[in-house]
Amino acid sequence: MDKDFWRDKKVFVTGHTGFKGSWLCLWLASMGARVTGYALAPPTNPSMFVLCGVDEKIERSVVADLRDRESLAEALGASSADIVFHLAAQPLVRESYKDPVGTYDVNVMGTVNLLEAVRLSRGVRAVVLITTDKCYENHEWVWGYRENEPLGGYDPYSNSKACCELVASSYRDSFFNAKEYARHRVALATVRAGNVIGGGDWADDRLVPDCVRSFLRGETVVLRYPRAIRPWQHVIEPLAGYLEIAQRLHHDGSLFAEAWNFGPNDDDAKPVEWIVKRMCASWGDGATYAIDTGAHPHEASYLKLDCSKAKTRLGWRPRWSIGRAIDAVIEWTREYQRGGDLSRFTISQIEEYSLAAKEEW
């Protein structure tokens, strides 16, 4: 990734008040990008967005609903963005069971609204649409899913993200077709990542945030799906891939306008119970866990990604093991516990990762 590329680039980020969006905005701002964010108010309290003062690091923060098509189009136009990252979504599986209509409305129609705003705008050259590894039709295979595997999704959240992929494919074929790139000059890619973890995630019904809250309160962590295996990775890993894809789209146009997986190495696809044991050990202070044997909504038991394409064509690959990723979460949380400068600490973790990547290249 070329850090200099981002200096003075105008970037539009939906979902900038969320966990992943806050990390992305801080990274972009640290490289000199001129960022406009568009999202609802921070979804949690505390929130990384507030703790790190993200609104002070970016040029403009628009608090509005993705379903408000006119507001979204106006904000995108005012940003004069070259590059768009679309992260805004209803991101929780359990919430999607409670509110399936709202989940489809935000995730699917919100994506339609964003792509329609891009279609009618002038100046946008690259669009990176973030979906999820859960968009695949999951057969609980022991091998990883490739980008050309059938889409599906059991629960409303996962299925809505598969729908987002189909929406993106339709817009790419109908309005941003590679054969007509010289006319429209828009390149659209979708990116699919595994379970991302990192400091500053306070979402409900997520394993790592649940662990962090329990640690801070001195309570026992309660596990719902101890044997479920997920492709865990630190949030920095896929974000590095998203930034790389955006650069390629901007430089090379439609050559990279397709779907991309960004997941961990196979060895880092671990069961939930392994993750929690490792987190308890890293936290110390007698941290413990217990298994909840009650009934819970369906979630996939096994899911892996094949990232061969990103490794081969982009030169991207995971650089932090799951152990380092967990330690980074604990380090961030300890800094929060001490009342430290979380914006500076977040950037220091990004710089640590970037330096390691640069040395390898």
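Picking from Ile291, Phe256, Leu305, whose Cα lies most toward the positive end of the charge dipole for the stretch 182-340 (charges on Cβ: Lys, Arg +1; Asp, Glu -1)?
Toward the positive end, the furthest listed residue is Phe256.
Given labels modelled 7 Å from the Cα in the Cβ direction, how far is it in nm from Lys179 to Ala41?
The answer from the label model is 5.0 nm.
Wrap a convex hull around the Cα atoms of the chain, take a quarter of its surface area, and give that in square nanometres.
Average projection, Cα convex hull of the chain: 16.5 nm².
Round to the nearest 0.05 the FRET efficiency obtained for Ala290 and Gln337 when R0 = 22 Å and r is the Cβ-Cβ distance.
0.45
Between the alpha-carbon centers of the stretch 57-80 and the stretch 1-56, tell me the distance in whole angstrom.
For the stretch 57-80 versus the stretch 1-56, the Cα centre distance is 13 Å.
Positive end of the dipole of the stretch 3-360, charges at C-beta (+1 Lys, Arg; -1 Asp, Glu), about the Cα centre: which of Ala78, Ala64, Tyr145 has its Cα farthest in that direction?
Going by the Cα projections, it comes out as Ala78.
Provide the net charge surrounding Tyr242, with neighbours chosen by a C-beta distance below 12 Å and charges set as Lys +1, Arg +1, Asp -1, Glu -1.
Charge balance in the 12 Å sphere: +1.
Going by average Cβ neighbours within 10 Å, how do the peptides 148-154, 259-265, 123-129 rank, with the highest at the top?
With the highest mean Cβ count within 10 Å placed first, the list reads 259-265, 123-129, 148-154.
Tell me the mean residue ellipticity at 222 nm calculated for the chain from its helices only (DSSP H runs of n ≥ 4, each -39500 (n - 2.57), averaged over every residue, nearest 500). Write down the numbers at each step before the final one.
On the way: 14 runs with 152 residues, N = 361.
Calculated at 222 nm, the ellipticity per residue is -12500 deg cm²/dmol.
Among DSSP bridges having both ends in the stretch 3-360, what percentage is antiparallel? Round to the nearest 5.
Looking only at bridges with both residues in the stretch 3-360, the antiparallel portion is about 10 percent.
Using a basic spin-label model with each label point 7 Å from the Cα along Cα→Cβ, how many nm lie between Ser348 and Arg69?
Reported label-point gap for Ser348 and Arg69 is 4.8 nm.
At a 10 angstrom cut-off on C-beta neighbours, averaged per residue, how do the peptides 42-53, 276-287 rank from highest to lowest? Present the calculation step by step, with values, prior to reporting the outcome.
Details: 42-53: 18.3, 276-287: 16.3.
Output ranking for 42-53, 276-287: 42-53, 276-287.
Read the figures in this text as sums done on the coordinates, not as results from a lab. Just so we're clear, the structure is a prediction, and the values are computed from it rather than from any experiment. Don't worry about glycine lacking a Cβ; one is built from the backbone with ideal geometry, like all the others, and counts go over all protein chains shown.
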